[in-house]
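Have a look at the structure below before the remarks.
The values are calculated or read from the model by the stated rules, or taken from the named source; none is laboratory data. Remember, it's a predicted structure, so these values are computed and weren't measured experimentally. Don't worry about glycine lacking a Cβ; one is built from the backbone with ideal geometry, like all the others, and counts go over all protein chains shown. These area figures cover heavy atoms from the full protein model, side chains too; ligands, DNA and RNA do not enter into them. Shrake-Rupley method; radii C 1.70, N 1.55, O 1.52, S 1.80 Å.
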Amino acid sequence: MSEQAAYERVCASVLGAELDADECRVVAGVMGVRHLGDGEVLVSEGEEDTALYLLAEGKLGVISEIDGQNVQVYTMSEGECAGTRAFVDRSPRKATLKAVGNATVYVLQPAAFESLLDTHPRIVYRVMRALFRITHMNLMRMNLESQQLSNYITKSHGRY
C-alpha cells in the first residue's frame with residue numbers, strides 16, 4: 001500500500017487556501033508522496049515532467065543554470081508549490097528542484113487531477129484558481145526583485 005498525503009498539509013498550503021477540509025481530503029487522495037534526502041534532486045531543468053509539487057515538509061532549492069553555472073535562485077518553504085507552468089501547459093522544467101535537508105513532497109500528476117473533473121468540478125476550479133494565484137504571486141515577487149536590483153544598480157530609491 002502506498003503512502004497517503006496528509007490532507008492537513010494540503011489545507012495549510014497555498015494550494016488548499018480556498019478548500020475546506022473535505023475538499024483537501026479529496027485532493028490529497030489523488031496525490032503521491034516522495035521523501036527526499038539532503039541534496040537529492042526531485043526534478044531537473046529541461047525534464048518533460050509535468051507533475052505539480054507541493055512541499056509538505058522541509059525545504060527545496062530552486063536551481064537554474066545561469067552562464068553555465070548552477071545557481072540556487074530561491075528556497076521553497078513548506079506549503080509552497082512548484083511546477084505550476086509545467087503542470088498547466090506541459091512544457092519542460094525551467095529549473096531543478098533539490099532537497100535542502102530532508103524533505104517530503106506531495107506529487108500531483110495531471111491525469112490524477114483531471115480524474116476529479118467529473119466527480120468534483122468545483123474542487124478542480126478552486127485548485128486552478130489557486131494555481132493562477134501562485135503564478136501571479138511568483139510574478140509579483142520577481143518584478144519586485146527586478147526593481148530592487150535596478151534600484152541598486154542605479155543607486156536610486158534607497159540607501160546603498
Among (1) surrounded by fewer than 17 Cβ atoms within 10 Å (Cβ to Cβ); (2) within 11 Å of the chain's Cα centre (by Cα) - the single one ASN70 does not satisfy: (2)
Subset of segment 87-113 that is touching a helix residue (DSSP H, G or I) at 6+ places or on another chain (Cβ under 8 Å) and surrounded by fewer than 12 Cβ atoms within 10 Å (Cβ to Cβ) - its residue that is modelled with the highest pLDDT: ARG90
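Got at least one residue in segment 135-144 being under 20 Å from MET31 (Cβ atoms) and either open to solvent by less than 90 Å² (accessible area, probe 1.4 Å) or touching an Asp or Glu at 6+ places or on another chain (Cβ under 7 Å) (or both)? Write out each step before concluding.
Just the residues of segment 135-144 that are under 20 Å from MET31 (Cβ atoms), to begin with: 135.
Okay, now just the ones that are also either open to solvent by less than 90 Å² (accessible area, probe 1.4 Å) or touching an Asp or Glu at 6+ places or on another chain (Cβ under 7 Å) (or both), so 135.
Checked segment 135-144: at least one residue is under 20 Å from MET31 (Cβ atoms) and either open to solvent by less than 90 Å² (accessible area, probe 1.4 Å) or touching an Asp or Glu at 6+ places or on another chain (Cβ under 7 Å) (or both).
Might you let me know whether segment 74-88 holds any residue that is among the charged types (D, E, K, R) and more than 18 Å from ALA12 (Cα to Cα)? Steps first, please.
Kept after step one, since they are among the charged types (D, E, K, R), are these residues of segment 74-88: 78, 80, 85.
With more than 18 Å from ALA12 (Cα to Cα) added as a condition, the list becomes 85.
Checking segment 74-88: at least one residue is among the charged types (D, E, K, R) and more than 18 Å from ALA12 (Cα to Cα).
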Given (1) modelled with pLDDT under 95; (2) on the phi > 0 side of the Ramachandran plot, index of the condition GLY58 fails: (1)
Which listed residue, of TYR125, TYR152, is open to solvent by 20 Å² or more (accessible area, probe 1.4 Å) and within 23 Å of ASP20 (Cβ to Cβ): TYR125
Residue list for segment 93-132, filter: within 13 Å of the chain's Cα centre (by Cα), part of a helix (DSSP H, G or I) and among the aromatic types (Phe, Trp, Tyr): PHE132
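Go through segment 1-49 and report how many residues are in a loop (DSSP other than H, G, I, E, B) and open to solvent by less than 60 Å² (accessible area, probe 1.4 Å). Talk me through it step by step, then tell me what you get.
Just the residues of segment 1-49 that are in a loop (DSSP other than H, G, I, E, B), to begin with: 1-6, 12-20, 30-31, 37-40, 44-49.
Narrowing further to those that are open to solvent by less than 60 Å² (accessible area, probe 1.4 Å): 5-6, 13-16, 18-19, 30-31, 37, 39, 44, 46, 49.
Residues in segment 1-49 being in a loop (DSSP other than H, G, I, E, B) and open to solvent by less than 60 Å² (accessible area, probe 1.4 Å): 15 in total.
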